[in-house]
There are 2 protein chains.
Amino acid sequence: MSDTETYQPPKVWTWDAENGGQFAKTNRPIAGPTHDKELPVGKHPLQLYSLATPNGVKVTVMLEELLALGKTGAEYDAWLIKIGDGDQFGSGFVEVNPNSKIPALMDHSTTPPTRIFESGAILLYLAEKHGAFLPSDPAKRPEMLSWLMWQMGSAPYLGGGFGHFYAYAPEKMEYPINRFTMEAKRQLDVLDRQLAERPFIAGDEYTIADIAIWPWYGQLVLGRLYSAAEFLDVESYKNVMAWAKKIDARPAVQRGRMVNRAFGEPELQLHERHDASDFETKTQDKIGTAAE
Amino acid sequence: MSDTETYQPPKVWTWDAENGGQFAKTNRPIAGPTHDKELPVGKHPLQLYSLATPNGVKVTVMLEELLALGKTGAEYDAWLIKIGDGDQFGSGFVEVNPNSKIPALMDHSTTPPTRIFESGAILLYLAEKHGAFLPSDPAKRPEMLSWLMWQMGSAPYLGGGFGHFYAYAPEKMEYPINRFTMEAKRQLDVLDRQLAERPFIAGDEYTIADIAIWPWYGQLVLGRLYSAAEFLDVESYKNVMAWAKKIDARPAVQRGRMVNRAFGEPELQLHERHDASDFETKTQDKIGTAAE
């Protein structure tokens, strides 16, 4: 890389599939399926195909919150999509999400079944369908929508920008790390100022704006993303930290974090979820581990 | 940059305000206002504070499309926010959008007035308020929402990723350019496959999904962003190109592109818009220029 200064892009970019680093198998310049594979379908109205990345956790937290409210129409089967193995490029998955990203949802309660992709769309769809986690005062809907969209447009700088260059890129590059660190800190400060004056992102109520933002920025300040807590001085965002801990304590959030988790602490890994009782064994595991 | 290979991030990141490159004045690691400045308020219900970047154009196209449908409640004053001068850090702007990004909208038809920020939220707010540019069949709303959110989550890779590193960063860096070029081309291919089977993004109808996606991906294939048409081989995305030209021909889109434009072709620059007649002089300018 000593030729960094003199690199000149070609006139027309071409794909060097051999030179893609750690993500060569999952990052491609073309869309569409790479292989035929049907998706499984379980017994519940909602079929979720996902992985417990922050975008995946948004949806499993939402579903667990809906079930905790007694919304039985939110019963779901959660199937694991191993993105490192390329499951997102299977023909069945691409039919549900042509963008080949998790999470993707099929709602079989409609005729024909309805596909929904992009975590923000899934949150809004579920909230509207079940009449929950939206502001009770319709006049506050624009504020909620603003923050929901803020999350969708901001987190790519945190995940695809900061997280990638700080934690995952094959070498440390100063300029991209500085660029995306500055933006990640600015975003944390935006949230910190917003949460200085109200208990939840969009006001007095816990809404899908919180459910969208917590898995990224909440888990970031809790030290769960990119081993970056010290680097970003997350303790200085006191209002974000207090909000993050408050939401982290919710039982539905604790369950939602476990679903489709296939990395990290073994006792948190519930690879598939098909029934509320699926958590019980894992909870015993957790207690067992804590006691060891 | 010969020390690229050996760069090691510090334990705790600190801001070097002197070393931020071209964007040192506009990129900051902290939020909030930098100076006191009230925003102007005109005569119409809607007050838009914006600039004709792709995110700004989404909203001005939407407003012009609503007015073309006869939705007089969409009458608006559009005020120019010069982001290079830091207008987005004025106290009045931060009150409308605490994230200090354009576009930001105030709706004075409600009591109290309602703020909405993030272009995707503004589009959904205006579409729902006026009952327009949403699928006429409610069963198709999830598909529209999925693509609206797809745009919000994808364009940061095109703008803040590809565009920045290909066109604006102080030097050309091979790894970030390859990373974000691959993603930009993948996104174009996602759209190309979607548009192979239907005239508009979410189906048979022109919706806010098109209005969100066109200013980025439509203008990209039309060669208007980043001087990157040849590099990305945009001609190969034939369905995106046909769709982009079809939308570009809409009179409301042509008007929307001009509003709050303060760069590029002088005859397209309508810095502020307060009345439908404001376009007439500019149209004469355009004819005059073409005749020269």
Practice item. May I ask you to list the residues in the stretch B:266-286 that are surrounded by fewer than 16 Cβ atoms within 10 Å (Cβ to Cβ) and closer than 29 Å to B:Ile201 by Cα? Key: B:Ala276
Review point. Of the conditions (1) more than 13 Å from B:Gln151 (Cα to Cα); (2) over 19 Å from the mean Cα position of the chain (by Cα); (3) in a helix (DSSP H, G or I), B:Val190 fails just one. Which one is it?
Key: (1)
Exercise for review: Please verify whether the stretch A:56-77 includes one or more residues that are within 14 Å of another protein chain (Cβ to nearest Cβ), part of a helix (DSSP H, G or I) and open to solvent by 30 Å² or more (accessible area, probe 1.4 Å).
Suggested key: no
Check your understanding: Of these, A:Asp210, A:Asp204, which one is more than 10 Å from chain B (Cβ to nearest Cβ), open to solvent by less than 10 Å² (accessible area, probe 1.4 Å) and acidic (Asp, Glu)?
Key -> A:Asp210
**Study point:** Residue selected from the stretch B:140-154 under the condition facing chain A (nearest Cβ under 7 Å) and of a type in the set (Gly, Ala, Ser), by the criterion farthest from B:Gly70 (Cα to Cα)
**Key:** B:Gly153
**Study point:** Matching residues, the stretch B:229-250, being under 30 Å from B:His130 (Cβ atoms) and open to solvent by 50 Å² or more (accessible area, probe 1.4 Å)
**Key:** B:Asn239, B:Ala242, B:Lys245, B:Lys246, B:Ala249, B:Arg250
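Results for (1) more than 7 Å from chain B (Cβ to nearest Cβ); (2) of a type in the set (Val, Ile, Thr); (3) part of a helix (DSSP H, G or I), shown as yes or no for each residue.
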site	(1), (2), (3)
A:Pro156	no, no, yes
A:Gly163	yes, no, yes
A:Pro170	yes, no, no
A:Pro176	no, no, yes
A:Phe180	yes, no, yes
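Please count how many residues of the stretch A:124-136 are more than 9 Å from chain B (Cβ to nearest Cβ) and in contact (Cβ under 8 Å) with a residue 40 or more places away in the chain.
Residues meeting the conditions: 9.
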**Study point:** Exclusive hit being of a type in the set (A, V, I, L, M, F, W, C) and surrounded by 24 or more Cβ atoms within 10 Å (Cβ to Cβ), set B:Leu105, B:Leu134
**Key:** B:Leu105
Point to revise | B:Tyr226 vs. criteria touching a strand residue (DSSP E or B) at 6+ places or on another chain (Cβ under 8 Å), modelled with pLDDT of 95 or more, part of a loop (DSSP other than H, G, I, E, B) and open to solvent by 10 Å² or more (accessible area, probe 1.4 Å) | key: no
Check your understanding: Quick one: which of B:Glu95, B:Glu75, B:Glu65 is at pLDDT 95 or above and in contact with a helix residue (DSSP H, G or I) (Cβ under 6 Å, 6 or more places away or on another chain)?
Key -> B:Glu65
Check your understanding: Only one of B:Gly86, B:Gly70 is more than 11 Å from B:Arg273 (Cβ to Cβ) and without any contact (Cβ under 8 Å) to a residue 12 or more places away in the chain; which?
Key -> B:Gly70
Study note, to complete from the structure: How many residues of the stretch B:80-111 are more than 9 Å from chain A (Cβ to nearest Cβ) and in a loop (DSSP other than H, G, I, E, B)? The answer is 8
**Study point:** In the stretch A:137-168, residue farthest from A:Ala212 (Cα to Cα) [restricted to those that are open to solvent by 10 Å² or more (accessible area, probe 1.4 Å), touching a residue at least 12 places away in the same chain (Cβ under 8 Å) and of a type in the set (Gly, Ala, Ser)]
**Key:** A:Ala167
Check your understanding: When both residues are 6+ apart or on different chains and their Cβ atoms are under 6 Å apart, which pairs have a first residue that lies in the stretch A:1-27 and is within 8 Å of another protein chain (Cβ to nearest Cβ), and a second that is modelled with pLDDT of 80 or more and not in a loop (DSSP other than H, G, I, E, B)?
Key -> A:Tyr7/B:Glu174; A:Pro9/B:Ile177; A:Trp13/B:Thr181; A:Asn27/B:Met182
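The values are calculated or read from the model by the stated rules, or taken from the named source; none is laboratory data. Just so it is clear, the structure is predicted and the values come from calculations on it, not from any experiment. Cβ coordinates were reconstructed from backbone atoms using ideal geometry, including for glycine residues, and neighbour counts include every protein chain displayed. These accessible areas exclude ligands, DNA and RNA; they are computed on the full protein's heavy atoms, side chains included. Shrake-Rupley method; radii C 1.70, N 1.55, O 1.52, S 1.80 Å.
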